[in-house]
There are 4 protein chains.
Amino acid sequence: MTAPPDRGTRILEAALAVFGRDGFADGSVDDIARTAGVAKPTVYSRFGDKGALFVSAMALGAEKANRRIEQVIGELDTRTADLRAALERLGFALSECMVSEEGSAVVRLQVSEGRRFQQLADQDRREAHLELLAGKLALLSSAGRLQIPDPHRAARQLMALVTADAIALSGTGTRPLSEDQIDAPVRAGVDLFLTAYGS
Amino acid sequence: MTAPPDRGTRILEAALAVFGRDGFADGSVDDIARTAGVAKPTVYSRFGDKGALFVSAMALGAEKANRRIEQVIGELDTRTADLRAALERLGFALSECMVSEEGSAVVRLQVSEGRRFQQLADQDRREAHLELLAGKLALLSSAGRLQIPDPHRAARQLMALVTADAIALSGTGTRPLSEDQIDAPVRAGVDLFLTAYGS
Amino acid sequence: MTAPPDRGTRILEAALAVFGRDGFADGSVDDIARTAGVAKPTVYSRFGDKGALFVSAMALGAEKANRRIEQVIGELDTRTADLRAALERLGFALSECMVSEEGSAVVRLQVSEGRRFQQLADQDRREAHLELLAGKLALLSSAGRLQIPDPHRAARQLMALVTADAIALSGTGTRPLSEDQIDAPVRAGVDLFLTAYGS
Amino acid sequence: MTAPPDRGTRILEAALAVFGRDGFADGSVDDIARTAGVAKPTVYSRFGDKGALFVSAMALGAEKANRRIEQVIGELDTRTADLRAALERLGFALSECMVSEEGSAVVRLQVSEGRRFQQLADQDRREAHLELLAGKLALLSSAGRLQIPDPHRAARQLMALVTADAIALSGTGTRPLSEDQIDAPVRAGVDLFLTAYGS
DNA sequence: TATGAATGAGACTTCATTCAT
DNA sequence: AATGAATGAAGTCTCATTCAT
């Protein structure tokens, strides 16, 4: 299916892996070039300098993470019979996005390097995701399954309720979580959400 | 009032400032020593090496942050007439803890260096804070002001609802927030909380 | 005649000179790089670290010294008319090898760093030299010029007799010797040798 | 018997041990002070600086080594029935002096630091030892047991013959020797000596 | 265009040496 | 006289970056 990635992509993937593992300052361009199987000057001629390479690599990483989140939200079936179960599935999947190896690496790098590279903020499509989720909730409200006066606000709240604990408990992906450590907060969050907004 | 801090403390304060500004890898011991007004070997003879210095500095930073959070939670008056206002004040104050210059620096460093320095996890007293908050909620429940079957669970949820947006919107303290960006989510969070758990 | 030596060789020559002058611990890589006319990282990328550089430099030094000794022994003419004179020439030359600037530097470094760098022992071709000399003595014995039951043993003895004093008197190359300080022991040594093994 | 050594002596012993183990450059004053159980400034106030301390420590070490050698030579019984055995015993004992832990350490330091500290040459009583041995040989010659025209010269030769191999084979005390590696050259050396000078 | 080799700058760390007590 | 703590200087090593091929 996937064609063998070209040089540029290979470099970005390598950069993402190395920066994700070692951080920006400790991730070495040498290491990246070696991992990508190219010579160092190739990296420089393609991407300028380490900072630009980092921003490009993060664009790739954020893109992947964003797509995954969008897919997860997209899969919320607003016409399901069992709404609670559907919301819980959404919550599990979102938590998984946050604590997964790759997902959490991107988050960690955004947090730790957000100050130095303000551009990283532009790569974060959080607002878009909330918009998407708000749309779903609005549909559920229209259908009379929920009573939601402000869907955007509800979307933010649902997101916070189902992901906050996974992030905190895992140390932003640093420590592995048991199934229950993910499940319990999600179920509790959905429960609270339905209590407040349920019809 | 406060006596001039001794050398050891001055070094830790300097380390916290420098690491908070530049991160662990890019924060230089030279810079820390200069900031503390001591010679570099003094730093080494006191703290061993850069990693140990970092852990010690983070202990100081976490201690400060923890104390502040504990104080904020402690100030929640469970016998207030206006419960909503009291919870909102709590939410504002907690958000402020997370996005403040020093508080967010500690959080960023915990996130970015948590992998390299697993000890940082031990400095995080999140569970203790939640216990404290759960106690307050249990009191409110006993007093009939709220209906809370599981106070620990409710504490987690309240914490998530009132702080998640401030953290996300500020880029973990990286970008300044308008008053409203803090207030609105807090008010919404408290509202949801009271809707679900209110008597 | 000799082409300008390449970078690697220049570095090794410089290292040998610096280590020979200052010892391993006090010989600085900075100094070596400057002497070789290259930048410090060039040294590191070529040779790994200071220890490996030292071992490589010693390999070069030992190689030179060994070749010289082998040549000296090789030049012993077993068919000469004046055997005493030939053996004395050999003794002078060997002594010269031991107390010469470069030769003694190698010896000093082998002695002082032999513990830390056990590999240095492998660079010492003393046994090979003795084998060579033993062969010559065996020839002389076969020709009836000497009566030598055990040529290896005799080779060791001759070597000891003609070099021990030069080494000791010069402080392993540390102090200059007068002609006579070299000549007298050599002559005495050869004399003893011929007295014992002469036909 | 021996009173508990005073502070000064304890420092010198410690210095000798540390320098002997690590060399002059790598032997640290900190380490010496710790080993001696005193504070660093005590070392400085007593001995001036590291170089002076080294020279003093070497004086102690050389003194010990010299005394031992003098005792060994002194024990050569010129009226023994079995002269060969007596000379061999002398040779073994001298070899042992050269390759023993402490003896070889002193030799290595003299070799490696002889250039920097020319004073070390004055601590070497080699000529005195040879004089002592020459006296013994002269007695043997007078008694008709040996035919020695020049006792000083013979002393030098005997010394070289019986110690050179032990020193070379052990890498100046760096590598352990088997019994035979010491014995064989000594026996061979004495044999040669007796062949040449025996009556 | 891709690379092997080179470099300037700077980081961490250690040590001999000295104050202040 | 002895010490705990402090420091200036220096050394090894690494890295982002650039020539020359």
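Computed from the coordinates by the stated procedures, all read-outs in this text should not be read as laboratory data. All figures in this text were calculated on a predicted structure; none of them were measured in a lab. So basically every Cβ, Gly included, is an ideal-geometry build from the backbone, and we count neighbours across all protein chains shown.
Below, the figures for the structure above:
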read-out: At q = 0.07, 0.09 Å⁻¹, base-10 log of I(q)/I(0) for the protein assembly as shown (Debye sum, equal scatterers on each alpha carbon); value: -0.73, -0.91
read-out: Positive-end residue of C:98, B:114, A:170, charge dipole of the protein assembly as shown with Cβ unit charges; value: C:98
read-out: Burial ordering of D:178, C:141, fewest other beta-carbon atoms within 10 Å first; value: D:178, C:141
read-out: Between region D:53-118 and region D:156-187, the Cα center-to-center distance that results, in Å; value: 13
read-out: Trypsin sites (Lys or Arg not before Pro) within region D:1-100, DSSP loop, no more than 16 other Cβ atoms inside 10 Å; value: D:79
read-out: Charge dipole magnitude, Cβ of K and R +1, D and E -1 - region D:106-155, Cα centre, debye nearest 20; value: 160
read-out: Residue-count net charge about residue C:77 - beta-carbon cut-off 15 Å; Lys, Arg +1, Asp, Glu -1; value: +2
read-out: At 0.692 mPa s and 37 °C, Stokes diffusion of region B:1-118 via Kirkwood alpha-carbon radius, µm² per second; value: 209
read-out: Using a Förster distance of 45 Å, the FRET efficiency for residue D:143-residue C:126 (Cβ separation, nearest 0.05); value: 0.75
read-out: DSSP-assigned coil residues among chymotrypsin sites (Phe, Trp or Tyr not before Pro) in region A:1-85, each with at most 14 further Cβ atoms within 10 Å; value: none
read-out: Of A:50/B:64; C:40/C:64; B:64/D:40; B:64/B:136; A:40/A:64; B:40/C:50, pairs whose Cα-Cα distance is over 29 Å; value: A:50/B:64; B:64/D:40
read-out: Net +/- balance of residues flanking residue C:110 in space, Cβ distance below 14 Å, scoring K and R +1, D and E -1; value: +3
read-out: Bins of 10 Å, starting at 0 and running to the largest distance - Cα pair percent for chain D; value: 9, 31, 29, 19, 10, 2, 0
read-out: Dipole magnitude (debye, nearest 20) for region A:7-197, charges at Cβ of Lys, Arg, Asp, Glu; value: 440
read-out: Cα shape, region B:121-199, gyration tensor, a/c 1.5 rule; value: oblate
read-out: Ranked list, fewest to most other Cβ atoms within 10 Å of each Cβ, for A:35, A:195, C:174; value: A:195, A:35, C:174
